[in-house]
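Here the structure comes first, spelled out in structure tokens, and everything after it is commentary.
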Amino acid sequence: MQNYIYTGITAFILSFALCKILIPILKKLHAGQNILSYVKEHKNKGGTPTMGGLAFILSAIIATLIFAPEKDRTLIVTLAIGLAYTCVGLLDDLLKCHRKENLGLKAWQKLTFQTCIALFVAYFCVKNNATALYIPFTDIALNIGYFTYPVVVFVFLATVNAVNLTDGLDGLASSVSIPYFSVFAWLIALQNGKEELSIISVALSCALAAYLLFNTAPASVFMGDTGSLALGGFAACIGCFSGNMLYIAVIGICFVLSVISVLLQVIYYKATGGKRIFLMAPLHHHLQQKGYSETKISYAYGIVTAIIGVISLLPWI
């Protein structure tokens with residue numbers, strides 16, 4: 001338990017300190033976010049520093065390396081994958097800042113990277129006999145063997161893009177990710193005692209808590225793809241290595257809602273010749289159009305994630 005406490009405190013302090021250091025530097029470098037014009041409520045956010053994800057991701061990694069009792073292969077691979085996603089997100093953000101538009105890496109480039117990473121993770125799982133798949137709300141685990149390959153690829157593509165879509169309001173992705181990783185830390189500890197994955201989850205949750213102090217509306221800094229892609233990569237990787245791939249969609253229900261709302265909107269729009277289900281997709285933009293503040297939406301998403309997460313833990317308590 002002490003390791004978890006020390007990890008959390010260290011990650012929080014480091015993240016807070018790095019945010020205080022990083023924000024003025026980003027402002028000086030004019031590393032501001034380019035805002036999509038169709039979200040009229042966000043017009044005044046143009047120029048807000050982005051790439052803030054560097055602060056909480058690096059803090060979480062450092063805290064984990066300091067306090068993880070064993071630096072085994074699973075830990076190192078998980079951190080390496082999270083860092084790789086951070087680098088890709090950083091490149092995407094840098095391209096957007098350089099071009100002065102909201103277009104960074106091309107979709108096929110991101111998709112290729114994510115698929116390659118997913119195939120590597122699947123291979124690692126099969127090679128290390130980590131092919132168990134826990135059924136949510138039970139203590140049943142199925143061995144899916146070589147089906148791990150297609151399942152892991154789907155999980156990575158879905159999770160990373162779901163988290164990225166959810167990063168659309170001040171504090172939203174952070175408010176969801178904090179309870180999400182907190183619950184995963186408990187879930188993994190109760191299931192199989194894979195302490196290295198629990199510690200990473202604790203570090204991410206606490207580092208995000210410090211970052212959220214600077215990211216609540218009106219945000220002083222955005223995480224950018226640097227942060228959202230990294231969070232998605234960590235979420236997918238931790239879920240796969242712990243056998244909790246199905247729990248990603250359960251505990252991360254708010255991430256799922258973002259994806260589903262976009263898919264429904266696109267399908268319905270094309271099928272009806274221009275009609276819409278939502279005022280704007282993803283769902284959080286629909287709620288914003290209905291008059292709810294960014295703070296209320298973020299708070300509600302966080303509460304829903306926490307409640308579903310606690311319910312998910314009940315069979316293991």
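The values are calculated or read from the model by the stated rules, or taken from the named source; none is laboratory data. Every value quoted in this text rests on a predicted model; they were computed, and no experiment measured them. As a convention, Cβ positions derive from the backbone with ideal geometry for all residues, glycine included, and neighbour counts pool all protein chains shown.
Using the structure shown, decide if Y180 is at pLDDT 95 or above, of a type outside the set (A, V, I, L, M, F, W, C) and surrounded by fewer than 23 Cβ atoms within 10 Å (Cβ to Cβ).
When the stated conditions are applied, Y180 does not pass them.
How many residues does the stretch 275-310 contain that are of a type in the set (V, I, T) and closer than 17 Å to F255 by Cβ?
6
Collect the residues in the stretch 255-298 that are under 21 Å from P179 (Cα atoms) and assigned to a loop (DSSP other than H, G, I, E, B), keeping them in residue-number order.
Passing the criteria: P282, S293.
Taking the stretch 204-218 on its own, how many of its residues are farther than 10 Å from S174 by Cβ and either among the basic types (K, R) or out of contact with any Phe, Trp or Tyr (no Cβ under 8 Å at 6 or more places or on another chain) (or both)?
Residues meeting the conditions: 2.
Filter the stretch 120-137 down to residues that are in contact (Cβ under 8 Å) with a residue 24 or more places away in the chain, of a type outside the set (S, T, Y) and outside any helix (DSSP H, G or I) and give me whichever is farthest from N164 (Cα to Cα).
Going through the qualifying residues, I end up with N128.
Cβ-Cβ distance below 8 Å, separation of 6 or more or different chains: which pairs start in the stretch 191-206 with a residue that is without any contact (Cβ under 8 Å) to a residue 60 or more places away in the chain and end on one that is not in a helix (DSSP H, G or I)?
Pairs that qualify, where the first residue is without any contact (Cβ under 8 Å) to a residue 60 or more places away in the chain and the partner is not in a helix (DSSP H, G or I), are N192/G243.
Only one of these conditions is not met by V160: (1) modelled with pLDDT under 90; (2) surrounded by 18 or more Cβ atoms within 10 Å (Cβ to Cβ); (3) outside any loop (DSSP other than H, G, I, E, B); (4) not basic (K, R). Which number is it?
Of the numbered conditions (1) modelled with pLDDT under 90; (2) surrounded by 18 or more Cβ atoms within 10 Å (Cβ to Cβ); (3) outside any loop (DSSP other than H, G, I, E, B); (4) not basic (K, R), the odd one out for V160 is (1).
Identify all residues within the stretch 253-288 that are more than 23 Å from A158 (Cβ to Cβ) and free of Cβ contacts under 8 Å to residues at least 40 places away in the same chain; write none if there are none. Even if it seems obvious, please write down each step before you answer.
Keep residues of the stretch 253-288 that are more than 23 Å from A158 (Cβ to Cβ), which gives 272-276, 279, 288.
Selection gives T272, G273, G274, K275, R276, L279.
This table checks each residue for (1) closer than 12 Å to A162 by Cβ; (2) surrounded by fewer than 21 Cβ atoms within 10 Å (Cβ to Cβ); (3) at pLDDT below 95.
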{"site": "A236", "(1), (2), (3)": "yes, no, no"}
{"site": "V256", "(1), (2), (3)": "yes, yes, no"}
{"site": "A271", "(1), (2), (3)": "no, yes, yes"}
{"site": "I303", "(1), (2), (3)": "no, yes, no"}
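Could you check how many residues of the stretch 140-171 are without any contact (Cβ under 8 Å) to a residue 40 or more places away in the chain, more than 25 Å from P315 (Cα to Cα) and aliphatic (A, V, I, L, M)?
Looking only at that region, the number is 1.
Among the numbered conditions (1) in contact with a Ser or Thr (Cβ under 9 Å, 6 or more places away or on another chain); (2) at pLDDT 95 or above, tell me where V152 comes up short.
All conditions are met except number (1).
Would you check if L246 is of a type outside the set (D, E, K, R) and part of a helix (DSSP H, G or I)?
yes
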